[in-house]
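Shown next, in structure tokens, is the structure this report addresses.
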Amino acid sequence: MVTPAEQPFRPQVEGAADADTATFRILVVDDDPALRRTFPHVLARPGRLFDECGSIGEAIDRLLQRHYDLILLDYRLPDANGLALLDWLGDNQRDEAVVIISGEDTIDAAIGALRKGADDYVRKPYHVAQLQRAVDGALHKGALEKTNRLMSQRLKASERLHRYLVESSPDLIFTLDSEGRFSYLNPRVKALLGYERSALMRRPFTTLVMPEDLDRIFGLLSQPSSLPGESFNVELRLRRHHPDGDSDSVTVSLTGIPMLTHENDRRVVGLYGVARDISERKRAEEIISFQAYHDQLTHLPNRVLFKDRLELAIAQAQRRTGALAVMFIDVDRFKLVNDTFGHAEGDNLLRSIASRLSATLRRGDTLARLGGDEFTVLLPDINQPEDAKVIARKILDTLTPPIKLSQGDFRATVSVGIALFPRDGSTAEELTRNADVAMYQVKRSGKNAFRFFDPELNSRHRDRIALENDLRSAIARNELELHYQPQVSFSKRSIVGLEALLRWNHPSLGAVPPGTFVQVAEEVGLIGEISAWVLERACNQISEWQRNGVEPPRMSINLSAHDFLRTDIVDTITACLDRHEVAPEALEIEITESIMMNDTAGVASKVRGLRSAGLSVAIDDFGTGYSALAYLQKFPVSTLKIDRSFVRDLEGPMTNPIISAITGIARGFELDLVAEGVENIEQADALRTLGCDVMQGYLFARPAPAAAAEAWLRSPELLFAQPH
């Protein structure tokens, strides 16, 4: 405010002629020297002076030597985090403005810094303009606060200064009379609330307060202060008027100070109030709160909020002896979309699925996204399991129409597991876990379906987890063992080969067959280590027998399809042979038809590499898959093994045309032929009639340890002495 014959008052900032040429000292506290050197360049302005240091201790030393207008403070420093410096500033009643610059993306870090007095919080990575705005704002705010302090000290001596501060304040400043009516308003009321000052004079302050907040302010205005001069602070929503007649509200932080008489009784005769617009801060807090409890992609509740709602629903169900259901939903084949079309399309798919799932649920149900392609559903107040079944069917049906993606339509399906309270668990963790177990069973059974939790499922999963844990240490505990089964020429009555078969001697379960644990090993990524052990042990056994004067026939070992994904599989096998001084002709690698079907070119080159190195390669379980002559032309294999399923029902020479076809294929390609699973003499006679002379099965010997196999090698006639 300027009175006649007066010059405009400009607040003086210490160390400068006026506000336009103010000198600001800025301390940069960051352990990255490159960043410390960068800040003075990107934040350079006339009158700004920069100091720098790299730790909390150095910063305190600088602050003990001089005052700064602003501190640019990294959150994480070598000797402490930035909160320690904020505590020091508060303990020492320092007034430096602080802008925290942090790579922390947690809400607690930002809230903790702001609560301890930071003026702003900038997350890394940031845009330079964002940092400049934060610095400008902090310096501007600091200058205003410094100015306000100076003006307060001169208030009694300068009414002109007082009026400037009040009328130029960015806050709404007002006074109320003893009846709560406006007796003064500064010009800020127009920009903040849209009202002219004259329109509000002598009107009650409460006419501006939103109805929901009236009770709080009535209590503060109606009760005289217990101590003269005692102030209060409260957050309120005030009505905001627009020229078109519409109205909304603005959130303010209101500080009220009672105005007292100067007489002996010190009576309250009015109120001095300062209302600061905190709408942006409240919106930021709401955003932070939303981000803490919601998924950013779908805007659905996240794991934390779902758990809170589920625990509340359980407590309510316990009081009412009611029931509820939890669904665990996993999107089938989601990885296919991500790998084929990219993660952006995967995100679009998840948003579309979330929208459709939400549309199928009741008003009181909760759909949440746990992360990735996993969703959970809370169904409170269900009367019977059939209610959950109805909703599960709706979920499957709502995904039947294809979802349109930019690359084309995609038919999404989901696997749904359902757990019921109180039958399947009494806590949020138990219900979610058991619903997940049920969902996993749906996955294994073909997907695109739903299933209720069965306690037996949980038992099987626990057994599976226990088996995985035991398998991880089986090699270290020396629990794995190779057994050997001979392959005999029926006509020559001699051993022509041995198949090395893996066995696991579990300390409590006993002998665990490969069919039980090999698939587990493949799923948990242990198969490579186990295959390496089998290869090492087989080569070592061949070498040991040779040192004992026994020349073993060709030994076959089985490799997993996962082993053929390795680019160095051929080098690994030949290196093992070299270590044990075993000739390549002494080893045969067995592969399955499924290996041939996957990545034909890559597998074929590895098979050719094995054959070039001198090893034999056999196709195990031949005829059970998708065998074709074209594959035999691409894969230079040496042996076909007839699967036991074809041998099992042999009764005469013409009862199995498949075996006849396989023997014809072997002759045509000049391949060795071995029949597996021969258990009686009738099967052996039938195979010989069909043209297969080399056999393997219980008729001759069951798989046995190395000592028994050595006895067979020394005396092959033992295998033909009597049926086994």
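Ordered by packing density, taken as the mean number of other Cβ atoms within 10 Å over each peptide's residues, highest first, how do 41-53, 22-34 rank? Provide the component values of the computation, followed by the final result.
Details: 41-53: 14.5, 22-34: 18.0.
Ranked from most to least packed, the peptides come out as 22-34, 41-53.
Counting only other residues whose beta carbon sits under 10 Å from that of Phe622, what net charge do I get with K and R as +1, D and E as -1?
Details: positive: Lys641; negative: Glu593, Asp620, Asp621, Asp643, Glu676.
Spelling it out: positives minus negatives among the neighbours equals -4.
Run the 1.4 Å probe and let me know the accessible area of Lys116, rounded to the nearest 10 Å².
90 Å²
Which angle between 0 and 90 degrees, to the nearest 10, do you get for helix 569-579 versus the longest principal axis of the chain when only C-alpha atoms count?
Result, in degrees: 60.
Choose one of Leu526, Gly180, Asn469: the residue whose Cα lies farthest towards the positive end of the charge dipole of the chain (beta-carbon charges +1 Lys, Arg; -1 Asp, Glu; about the Cα centre).
Comparing the listed Cα positions along the dipole, Gly180 ranks first.
I'm a student and want to see the number: the projected area of the Cα convex hull of region 93-202, averaged over all directions, in nm². Each step should come with its number before you reach the end.
Working: hull surface 40.3 nm².
Orientation-averaged projected area of the Cα hull: 10.1 nm².
Viscosity 0.890 mPa s, temperature 25 °C: Stokes-Einstein D of region 322-410 from its Kirkwood Cα radius, in µm² per second? Working shown, then result.
On the way: Rh = 13.9 Å.
Approximately 176 µm²/s, per Stokes-Einstein.
If I compute solvent accessible area with a 1.4 Å probe over the protein chains, what percent of it on the chain is carbon and sulfur? Intermediate results must be reported in sequence, preceding the final value.
Working: 18340 of 36660 Å².
Answer for the chain is 50 percent, counting heavy atoms of protein chains only.
With a probe of 1.4 Å, find how much accessible area the chain has per residue, and write the answer as a whole number in Å². Kindly include the intermediate steps, with their values, before the conclusion.
On the way: 36660 Å² over 724 residues.
Accessible surface, normalised per residue, equals 51 Å².
In region 67-140, with Lys and Arg counted as +1 and Asp and Glu as -1 at Cβ, which of these residues, Tyr126, Leu89, Ile101, has the Cα nearest the positive end of the dipole, that is, farthest along it?
The Cα lying farthest towards the positive end belongs to Tyr126.
Pulled fully out, how much extra length does the chain show between Asp649 and Ile475, if you take 0.36 nm times their separation in residues and subtract their Cα-Cα distance? Numbers along the way, then the final one.
Values: separation 174, 0.36 × 174 = 62.64 nm, distance 3.82 nm.
Here the answer is 58.8 nm.
Put a dot 7 Å past each Cα toward the Cβ at Arg281 and Arg202; how far apart are the dots in nm?
Between Arg202 and Arg281, the simple spin-label model gives 3.6 nm.
In terms of Cα to Cα distance under 14 Å, which aspartates and glutamates are near enough to Lys404, apart from those fewer than 8 places away along the same chain?
Glu345, Asp347
Considering all alpha-carbon pairs of region 254-381, what whole percent are spaced by more than 21 angstrom? Provide the component values of the computation, followed by the final result.
Numbers: 4879 of 8128 pairs.
More than 21 Å apart: 60 percent of the Cα pairs in region 254-381.
Of Lys124/Lys146; Lys443/Lys641; Lys335/Lys443; Lys116/Lys282; Lys447/Lys641, which pairs sit farther than 25 Å apart, going by alpha carbon to alpha carbon?
Details: Lys124/Lys146 30 Å; Lys443/Lys641 33 Å; Lys335/Lys443 14 Å; Lys116/Lys282 17 Å; Lys447/Lys641 34 Å.
Beyond 25 Å between Cα atoms: Lys124/Lys146; Lys443/Lys641; Lys447/Lys641.
Quote the convex hull volume per residue of region 545-592, based on C-alpha atoms, as a whole number of Å³. Before the final figure, lay out the partial values.
Numbers: hull volume 3.5 nm³, N = 48.
Cα-based convex hull of region 545-592, divided per residue, equals 74 Å³.
If you count only protein heavy atoms and use a 1.4 Å probe, how large is the accessible surface of Thr400, to the nearest 10 Å²?
The value for Thr400 is about 80 Å².
Taking the Cα centre as origin and putting +1 on Lys and Arg beta-carbons and -1 on Asp and Glu beta-carbons, what dipole magnitude results for the chain, to the nearest 20 debye? All intermediate terms of the calculation are to be shown ahead of the outcome.
On the way: 85 positive and 103 negative charges, 440 e Å.
So the dipole magnitude of the chain works out to roughly 2120 debye.
On average, how much area does the Cα convex hull of the chain cover when viewed from any direction, in nm²?
50.0 nm²
Show me the three semi-axes of the equivalent ellipsoid for region 497-626, from the C-alpha gyration tensor (sqrt of 5 times each eigenvalue), largest first, rounded to whole Å.
On the way: eigenvalues 98, 89, 37 Å².
Calculated on Cα positions only, the semi-axes equal 22, 21, 14 Å.
Given Phe375, Ala388, Ser358, which one lies farthest toward the positive end of the charge dipole of region 354-471, if we put +1 on the Cβ of every Lys and Arg and -1 on the Cβ of every Asp and Glu?
Ser358
Could you work out how much longer the chain between Asp108 and Arg62 gets when fully extended? Use 0.36 nm per residue separation minus the Cα distance between them, nm to one decimal. The partial results should precede the final answer.
Working: separation 46, 0.36 × 46 = 16.56 nm, distance 2.86 nm.
Difference between extended and current length: 13.7 nm.
Using only the Cα atoms, what convex hull volume per residue in Å³ does region 29-72 have? Each step should come with its number before you reach the end.
Details: hull volume 2.8 nm³, N = 44.
Enclosed volume per residue, from the Cα hull, is 64 Å³.
In whole Å, what three semi-axes, largest first, describe the equivalent ellipsoid of region 58-98 built from its Cα gyration tensor (square root of 5 times each eigenvalue)? Walk me through the numbers before you get to the answer.
Working: eigenvalues 49, 23, 21 Å².
One finds semi-axes of 16, 11, 10 Å for region 58-98.
Per residue and in cubic angstrom, what volume does the convex hull of the Cα atoms of region 416-495 have? It would help to have the intermediate numbers written out before the result.
On the way: hull volume 12.0 nm³, N = 80.
Output value, Cα hull per residue: 150 Å³.
Based only on Cα atoms, what mean projected area does the convex hull of region 506-555 have, in nm²?
On the way: hull surface 19.1 nm².
Computing the convex hull of the Cα atoms and averaging its projections yields 4.8 nm².
Which ³J(HN,Hα) values, rounded to whole Hz and listed in residue order, are derived for region 358-368 from phi using the Karplus coefficients 6.51, -1.76 and 1.60 in 6.51 cos²θ - 1.76 cosθ + 1.60 with θ = phi - 60°, glycine and proline given as x?
Per-residue couplings from phi come out as 4, 5, 8, 8, 7, 4, x, 7, 10, 10, 10 Hz.
About the Cα centre of region 251-407, what is the dipole size in debye to 20, counting +1 per Lys and Arg Cβ and -1 per Asp and Glu Cβ, all else neutral?
Working: 22 positive and 21 negative charges, 61 e Å.
Once rounded to the nearest 20, the dipole reads 300 debye.
So, R0 is 45 Å and r is the distance between the beta-carbons of Ser508 and Arg688; what FRET efficiency does that work out to, to 0.05?
Values: r = 44 Å, r/R0 = 0.98.
Working from the Cβ atoms, E equals 0.55.
The values are calculated or read from the model by the stated rules, or taken from the named source; none is laboratory data. Here the structure is a predicted model, which is why all the values come from computation and not from measurement. When we count neighbours, we look across all protein chains shown, and the Cβ atoms used for this are built from the backbone with ideal geometry, even at glycine. All accessible areas refer to the heavy atoms of the entire protein, side chains included, with ligands and DNA or RNA removed. Shrake-Rupley method; radii C 1.70, N 1.55, O 1.52, S 1.80 Å.
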